[in-house]
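The values are calculated or read from the model by the stated rules, or taken from the named source; none is laboratory data. A quick note: this is a predicted structure, and the numbers were derived from the prediction, not measured. Neighbour counts run over all protein chains shown; Cβ positions are idealised from the backbone, glycine included. For the accessible areas, the whole protein counts, side chains as well, though only heavy atoms, and no ligand, DNA or RNA atoms are used. Shrake-Rupley method; radii C 1.70, N 1.55, O 1.52, S 1.80 Å.
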Amino acid sequence: MRKKLLKPFFNIHWSAKTVIKFGVVAADVLLISACLCVDKSLSYMMAETSGYLFSEAIIGGLILDVIAKRMGIEEK
């Protein structure tokens, strides 16, 4: 049952995977640096930006996947 539900997420286009992977890594690095920051206000802003970056990476990657599939750009 679980494989059936997760099957669409394993067929993601390579460009969408790249966007999601690098966006999530960048958000993680920014969040870790926010935790290590001494200034509270800067830390809050960095954590907020990390959340925005994470969401934009996920949404952008999935939209890129839909565009690639609609244009017929499939992996061989």
Practice prompt. Answer yes if at least one residue in the range 13-23 is out of contact with any Phe, Trp or Tyr (no Cβ under 9 Å at 6 or more places or on another chain) and part of a loop (DSSP other than H, G, I, E, B), and no otherwise.
Written response: yes
Practice prompt. Tell me which residues, restricted to the range 1-53, are free of Cβ contacts under 8 Å to residues at least 60 places away in the same chain, open to solvent by less than 70 Å² (accessible area, probe 1.4 Å) and closer than 19 Å to Ile67 by Cα.
Written response: Ile12, Ser15, Ala16, Thr18, Val19, Ile20, Gly23
